[in-house]
Amino acid sequence: MMNAFYLKKVLIVEDSRLNAQITADILTRHGYETEIVTSGEEAVEKALNNIKSPDLILMDIELKGAIDGIDAARIIQQHKDIPILFLTANASKEIMEKIKSVSAYGYVLKGVDEYVLISQIEMAFKLYEAKMQLKKREELFRNMFENHDVAMILIDPQAGRIIDANKAACHFYGYSRETMLQMDIEAVIGVSTIDGGQRCSEALKKGCNPCICFQRLANGEEKLVEIYSSPVDYQGKTLMHLIVFDITEQWKAKRELEFYKNLFEDSLNEIYIFHPQTLKFIAVNRGARENLGYTEEELKQMTPVDLKPEFTLQSFKELLEPLLRDEQKQIVFDTVHRRKDGSLYPVEIHLELVEFDKEKVFVALVIDITERREMEKELKERNEILSTIMESAGDAIIMIDDNGKVTFWNPAAERILGYSREEIIGKDLHMFMIQDMRLYEAYREAFKKFRLTGKGSVVGKTVEMKTRHKNGHEIDVELSLSAVRIKDSWHAIGIIRDISERKRFEELLYRQSITDPLTNIYNRRFFMQMLEQEIERVKRNKKPFSLIMFDLDHFKNVNDRFGHAAGDTVLRSVANTVKKRIRKTDYFARWGGEEFIILLPETSLNNAAELAEELRKKISETALDGIGKVTASFGVTEYRNTDTMDTVLLRVDGALYEAKGSGRNCVKIA
């Protein structure tokens, strides 16, 4: 039970020297060294003696002098961690409350059996030793947490507060530790996940592990990080331990394998602590034991070399030298681990030399990268498939970097736009495509915004536009533009489809939908649309318009005498005569049969009447081969403020029929 070379010293504080001596005799028989004092003041003086403090104090509660046993215990505990066991003559509620008010190791009733007394003292020593072991483990955790170069944060997910952050975390985020401890979780890890679907803090609460998300640092810079989290019990609370890796430069790759998920023993990653001289393992966490298949007892007889077939004892010691000489703070390397069953698996090892309990030990955090290797292989295969698809696509696929320079140009782009890959790669695409310098400067201004935000008026949309082929002719294209963030900068991916043939067909269909097929002037339906728009325009700008409606006189006789083909010729001739005289802003339509109508924007009644008279004369003077001359009757009116579309049409139609009733081949105004 007792160390043969060291007797534990017990200080007996009892104002009854007889009782104190009886207790001392009992302790001496059981191998303890004892010393007796009779007052609280003497107890404090002996306990605070830096040369030889007692290992345990057996303290009477009621003492003579200025301070009693409870007060003496408080003073001692403020300066030294010495286990105190109280002596008391009674176990009243008042006495028990006093004992609870200090961090005591229990109490013993005076006059108790000798073996009960010794048992209580031995139990107090065991409790004290257990407390010291726990304190050392907490110091080991604190040392690993604070001094590791990987950013670590302890948070209270219920309160939404940051409990602690190590130096690496403060350095990464750009805040002082004091500032971080005043911040809530959202301020530090509240930016969105990589897919933008939710906030990072919410994803962590839902069990996303690892969680890949965007983080904004104190200087405003945005980083992509991989956050590993694990629950830990701390001072009666369940906290969350976060390990933060900056993966900005590797964001295109799939997520890294799980790393530092939990603290030492509960982490699913492998954590090893081994001696710097013997290299024997001091501690190996459960994740490592389960993966390797070894028991804790077996591993304590082994060294890292036993797990790493690529290393000899000499080569592994040489690897450690830069850490021992303090030339490097950390060594990261890839190797393979060998399990107990002989199977191998690839690992990435982060190795550091840390100080613990005034001694230095090696701490290795080991990541199984089997999945990463498989993902790298899968990613390579996918890239090869994607490359094949892009090379054989019928649409042009183009990528430009954050400077507007072309970085990808597939064969379809060469076919549609005429430029070879050699001509265009590394060049400013829009210098080739945009000939107008004013438009080019406007594009450059818009591109500056895109570089900063990845946003633009056409990003994420499909638009139709015109561009220029290498040989100079314009082509109609459909452009789908997307933004992608590569190495912390915005790049644009455009998919271009040649729609020239479709646009020509659409234009043909549109022309056919608004024109009369015989005369090639506007049809009645389109004219009505334009008339409706003109009425709305007049209501806004107060500038009137006029209408001319005319009808060919005795046109039925032409069809009856010369046939319908001759009648069609007359209609085309009259339409051509009128088209040559009216303005481009006027709307000329076939109203039906041999009737025609003209909309004259911003034209007074007098000017419209003059034009109608001029047209009447031109039509009547035109002789058609084999047919002769034809005449027409005209009605003219001007839009009035009280008019609707129906009333103005009825009025001009009435004027036309007045002209027919007046002998035809004349102009009437309404």
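Every number here is computed from the coordinates shown, using simple stated rules; none is lab data. This one's a predicted model, so the numbers in the text were calculated from it and none came from an experiment. Cβ sites come from the backbone with ideal geometry, for glycine too, and all protein chains shown count toward neighbours.
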Please tell me which of these pairs span more than 28 angstrom C-alpha to C-alpha: Lys380/Lys449; Lys136/Lys340; Lys556/Lys668; Lys556/Lys579?
-> Lys380/Lys449; Lys136/Lys340
Magnitude of the Cβ-charge dipole of segment 270-373, K/R +1 and D/E -1, about the Cα centre, nearest 20 debye?
-> 120
Going by alpha carbons, how many degrees (0 to 90, nearest 10) lie between the helix axis of 605-621 and the longest principal axis of the chain?
-> 50
Once Lys and Arg get +1 and Asp and Glu get -1 on their Cβ, which of Leu429, Ile95, Leu417 lies farthest toward the positive end of the dipole of the chain?
-> Leu417
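Could you list Met431, Met240, Met183 so that the one with the fewest beta carbons within 10 Å of its beta carbon is first and the one with the most is last?
Met431, Met183, Met240
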Proximal lysines to Lys52, defined as alpha-carbon separation beneath 19 angstrom and excluding residues fewer than eight positions away on the same chain = Lys8, Lys9, Lys80
In the list [x] 55.0; [y] 38.3; [z] 52.5, the entry giving mean projected area of the Cα convex hull in nm² computed from the coordinates is [x]
With an 8 Å cut-off on Cα pairs and a minimum separation of 6 or more residues, tell me the relative contact order of the chain in percent.
-> 5
Stretch Lys542-Lys80 to full length: gain in nm at 0.36 nm per residue minus the Cα-Cα span?
-> 156.5 nm
Charge dipole (segment 19-167, unit charges on Cβ, about Cα centre) - positive-most of Met152, Tyr107, Ala20 | Met152
Kindly provide the helix-only [θ] at 222 nm of the chain, computed as the sum of -39,500 (n - 2.57) over DSSP H runs of four or more divided by all residues, to the nearest 500 deg cm²/dmol?
-> -12500 deg cm²/dmol
What dipole magnitude, in Debye to the nearest 20, does the chain give about its Cα centre under +1 on Lys/Arg Cβ and -1 on Asp/Glu Cβ?
-> 3340
Rounded to 10°, Cα long-axis angle of helix 645-661 versus longest principal axis of the chain = 10
For segment 515-669, what does the alpha-carbon gyration tensor say about shape, rounded, prolate or oblate, given a ≥ b ≥ c as the root eigenvalues, a/c under 1.5 as rounded, and a/b over b/c as prolate?
-> prolate
Would you list Glu33, Glu139 from fewest to most Cβ contacts within 10 Å?
-> Glu139, Glu33
Subset of Lys542/Lys584; Lys46/Lys110; Lys46/Lys98; Lys377/Lys466; Lys427/Lys455; Lys584/Lys629 violating a 31 Å alpha-carbon distance limit | Lys377/Lys466
Order of Cys213, Cys208 under a 10 Å beta carbon neighbour criterion, fewest first | Cys208, Cys213
On a 0 to 90° scale, report how tilted helix 17-29 is relative to the longest principal axis of the chain, with both axes built from alpha carbons and the result rounded to the nearest 10.
-> 80
